[in-house]
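A quick write-up on the structure given underneath.
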Amino acid sequence: MIRKVKYQEIDFEKYNACIENSVQKNGYCQKETLDFLCKNWELLVYDDYKAVMPIPFVKKTLMKIVLMPLFCQQLGVFGISDKEINDAFLNYFRKNYHILNYAFNFQNEFDTELSIKKNFFVPVQEYAFLRRKKYFKGRKSTVKTAQYLDFREVFTDAHILEFIKSNFKGLDKTRDLDFFMKYLFFLEKHGHLKMFGSFYENHLTNIAILIDNVNSYSLLGLINHENYKDHNGASFLIDRILMLNVENKAFNFMGGSIRTIGRFFKSFGADLQEYNVIQNSKKDFLKNLLKIS
């Protein structure tokens, strides 16, 4: 049996136990992360927290609209890994919510066909094998030509923060960039922020912003200075991070649905991970709204 549980009624002891013991566990489903990223969220629960599904939403007048928050890639069902149970969650979800967009995690399988998004992931392995056998030929060459750059860990001082603000691309609204900066401090406070920079003659050319989990790094942002793009600092940074860490930590690129970006990620020998999404246009959203109402 699946039921809806409002935030204030969630048994977080049982929720955390379900998450910690689940094969689908990721950084997005942690309570403190959801509390920070989401305006509001509640929970679908199967049986006595044998499986759970966090539901982020925003309030519009008297309506709840399901909307994945910025910087949250995959949620979905956590707990018992069972396609029949996943389908039950999906059916309940569709019947009882106004969904603009929602992303399941890559381990959630369904009998129902949904839209797909792409992610790229480098599992733990020997770096020499990864570079020799899995890197694209062109990526090997690009990395080789950029070895004159310096690699350093960087921190949230004024210079680094200004570099990020001045060179961040992909966020249209000023408030979204402000929220991203707050997210960096949230990650830092909880010990999950790592940043590395590439330097040319002491000039910062690129920054890789990572979410540092126990078993993996996840790429939150790859910031490039336009004046130094010919130095291939982005390729240099990713390669150096893999060289120093991939034998102990996996590397999650956290994206890749855009073809050119996906090809860049794949060129480092990354494996494709596809995950299911529900993503409605405004027209489809209005049609569904009338059905539920």
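Can you name the residue in region 196-208 that is out of contact with any helix residue (DSSP H, G or I) (no Cβ under 7 Å at 6 or more places or on another chain) and surrounded by 17 or more Cβ atoms within 10 Å (Cβ to Cβ) and is also nearest to Asn248 (Cα to Cα) among such residues?
Gly197
Quick one: would you say Phe121 is touching a residue at least 24 places away in the same chain (Cβ under 8 Å) and hydrophobic (A, V, I, L, M, F, W, C)?
Yes; evaluated as a whole, the condition is true for this residue.
Has region 187-200 got at least one residue that is out of contact with any His (no Cβ under 8 Å at 6 or more places or on another chain), under 28 Å from Leu100 (Cα atoms) and at pLDDT 95 or above?
Within region 187-200, one or more residues are out of contact with any His (no Cβ under 8 Å at 6 or more places or on another chain), under 28 Å from Leu100 (Cα atoms) and at pLDDT 95 or above.
Test of understanding: among Leu184, Leu177, Leu171, which residue is of a type in the set (A, V, I, L, M), under 16 Å from the mean Cα position of the chain (by Cα), closer than 16 Å to Ile223 by Cα and assigned to a helix (DSSP H, G or I)?
Leu184
Considering each of Asp87, Asp35, Asp111, Asp48 in turn, give the residue that is without any contact (Cβ under 8 Å) to a residue 24 or more places away in the chain and farther than 14 Å from Gln279 by Cα.
Asp35
Within region 31-48, track down each residue that is part of a loop (DSSP other than H, G, I, E, B) and surrounded by fewer than 18 Cβ atoms within 10 Å (Cβ to Cβ).
Lys39, Asp47, Asp48
Residues are listed down the side, and each one gets a yes or a no for (1) at pLDDT 95 or above; (2) closer than 28 Å to Asn21 by Cβ:
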| site | (1), (2) |
| --- | --- |
| Pro56 | yes, yes |
| Ser81 | no, yes |
| Asn105 | yes, yes |
| Asn108 | yes, yes |
| Tyr127 | yes, no |
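The values are calculated or read from the model by the stated rules, or taken from the named source; none is laboratory data. Keep in mind that what you see is a predicted model, and the values were worked out from it rather than measured. A quick note on method: Cβ atoms are made from the backbone with ideal geometry, for glycine too, and the neighbour counts reach across all protein chains shown.
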